[in-house]
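Asks: This is the structure I have questions about; it appears just below.
Derivation of every value follows stated rules applied to the coordinates shown; laboratory data play no part. Just so you know, these numbers come straight off a predicted model, no measurement behind them. Methodologically, a virtual Cβ is constructed for each residue, glycine included, from the backbone with ideal geometry; neighbour enumeration extends over all protein chains shown.
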Ligand SMILES: Nc1ncnc2c1ncn2[C@@H]1O[C@H](COP(=O)(O)OP(=O)(O)OP(=O)(O)O)[C@@H](O)[C@H]1O
């Protein structure tokens, strides 16, 4: 059987619900993208089956003895694709994150970028690269990463075929020329989309939130759901609360039972981690009892998954979300409302790009359920309705431009990467590399941008100067080389600004002051913050910092994060932290984890900078942040997997530090310790004498 037939057989087996290919998929196959070895950009609307097209090419390549990398912008998409593609393993295709041990490796952009800099042997084994959400090449943070990784790939290994899966782009031909790719563009959507502008008058509403309630009441009658995009986390919560109060009365009994079950699942999460629910959890559960959920990055990951799964099952009426939901999470809804189309930028309030509007609207219409999808904007009056209609319905999406030169840190990282990898060792080589990027292509090929040509040289030369001045790269008789500090930065994803701040700290700090170091870490741009919910709580943050000799004038989210982490390593729960400082404490664990990784990076910087003597204190601080514990129970939480800080503290409070003579029966009397955990603790005590504490 030829590989195309064998591939189709595998697809049929893994996707039994797909009876026939849709028009976009047929057009792609008809154009021969499976046969020839050319690069391709497949530009098809959201949720219209691009993944399947990528997968078909991947399977065919693997059946022909090749290896494939499938690269995605976000870890959440990576996890989703690995879960979806795992079923291929029943056909002997290994799927995983590591290209060395997988026929089909799913990697995030950053990991793929590092692969192109340091792992050429692995790269040489690859035959096909699939770039999912390729339109993000125009995005400020991740765009330069994938743009430069592809540039390196095309120069290091032009044999590797590239298939880019993209939303529809305005300047597709320009990008295709850079990528040396053929274009398959199709406007097929599995569910036709009606994009409309409604006015408050039409809905007989005084303001937008009231209009949203009316649209929802209609949707409930038709057993449909609504997804509402707003611009901030707080707006998702205030809108969800407002709507849930308005529809409280007209929820049938059996529906309310379903909502209550979903609310219980949400409250189960903090319970499992042994801490009472945070205010945000309680607020979320109360909204869900009325069928309305809010969704934003400040929630626990597990909470977001529950909301997404239950919405897909039809067990929620409505989700209010920030645009982060737009990327990657496959969560369509029959109706999408984009309530906030104004974003606050440094230049003041601006209408969101048409491209973003298209991405959010594209979520309307569920392939398996709806025969039509609706996307609404709500205008205050007919004049605004006319403007919105002109701009969004009849307007064109913006061209996708490279953000490489705008993102200074990306330029630094790429220069360091090129020099560290030995790919460029002089300014001319580096300028040539940047000319090969999409930015360079736009500069040279676009007549009205050629005036910026010397701008590129200026940018690269000034960046090289900056990196030499900061001893990240250095000139040698053999050309530019990365210093040990530069090599450290090149293999990390941390920004150059963070690296320089931490090196300055390493050389300035005589003694390690745990709390001051936490505050310094929180001030670095790579540290995710724990944000205030409202302006309240500032005094308690200021007092907490003062307790540890940190005196600040302005108290912002950075200070709130430092105070929260100080509480965290003193074994406070997210609930206590949230109430003490009035912050979104659900992100405490993630912030604590990232802080522990930054301390690890700081320790490495100390070593390459020749600052010794802090290792043990830094190891202790890393563990305290990672586990959320005081120093005395670090050996216990590290030594007994999954014991956790709550149960470890209970053990020590009950039996003291010496557990050697405590029997398994006595251990099992501790709340939360069953036979397996008791055995694991005994196993651990055999390995450790009491002197460890
Ligand atoms: N021919 C088809 N018939 C029915 N369902 C399909 C078909 N092709 C793909 N699907 C399903 O439609 C859903 C959306 O497909 P897919 O995720 O590939 O779209 P996409 O264009 O990659 O979306 P996104 O832009 O969000 O990445 C998936 O559940 C997929 O399995």
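Asks: Please compute the alpha carbon radius of gyration of region 3-185, then divide it by the globular-protein estimate 2.2 N^0.38 Å. Two decimals is fine.
Replies: Rounded to two decimals, the normalised Rg is 0.95.
Asks: Packing-wise, with mean Cβ within 10 Å as the measure, how do 217-225, 69-77 rank, highest first? Write out the running numbers ahead of the final one.
Replies: Working: 217-225: 15.0, 69-77: 21.8.
Final packing ranking: 69-77, 217-225.
Asks: Return the calculated 222 nm mean residue ellipticity for the chain, to the nearest 500 deg cm²/dmol, obtained by summing -39500 (n - 2.57) across DSSP H runs with n ≥ 4 and dividing by the residue count.
Replies: -15000 deg cm²/dmol
Asks: Shifting gears a bit: Rounded to two decimals, what ratio of Rg to Rh does region 496-627 give with C-alpha atoms and a Kirkwood Rh?
Replies: Numbers: Rg = 14.1 Å, Rh = 14.7 Å.
Taking Rg over the Kirkwood Rh, I get 0.96.
Asks: Continuing with this model, one more query. Going by average Cβ neighbours within 10 Å, how do the peptides 576-584, 239-247 rank, with the highest at the top?
Replies: Output ranking for 576-584, 239-247: 576-584, 239-247.
Asks: OK, next. Given axes a ≥ b ≥ c from the Cα gyration tensor, I'd like to know whether region 535-693 is rounded (a/c under 1.5), prolate (a/b larger than b/c) or oblate.
Replies: In terms of gyration-tensor shape, oblate.
Asks: Going by average Cβ density within 10 Å per residue, which order do the peptides 338-350, 519-531 take, highest to lowest?
Replies: Sorting 338-350, 519-531 by mean packing, highest first, produces 519-531, 338-350.
Asks: Run the numbers on region 193-393 and let me know its relative contact order in percent, using alpha-carbon pairs under 8 Å that are six or more apart. Please list the in-between numbers first.
Replies: Details: 323 pairs, mean separation 66.5, N = 201.
Dividing the mean separation by the residue count of region 193-393 yields 33 percent.
Asks: From the alpha carbon gyration tensor of region 408-480, can you work out the equivalent ellipsoid semi-axes (sqrt of 5 times each eigenvalue) and give them in Å, largest to smallest?
Replies: 23, 12, 10
Asks: If you wrap a convex hull around the alpha carbons of the chain, what volume per residue comes out, as a whole number of Å³? Please report the intermediate quantities before stating the final value.
Replies: Numbers: hull volume 135.2 nm³, N = 693.
With only Cα atoms used, the chain gives 195 Å³ per residue.
Asks: Normalised by the residues of the chain, what does the relative contact order come to in percent, with Cα pairs under 8 Å and at least six apart?
Replies: About 11 percent, as a whole number.
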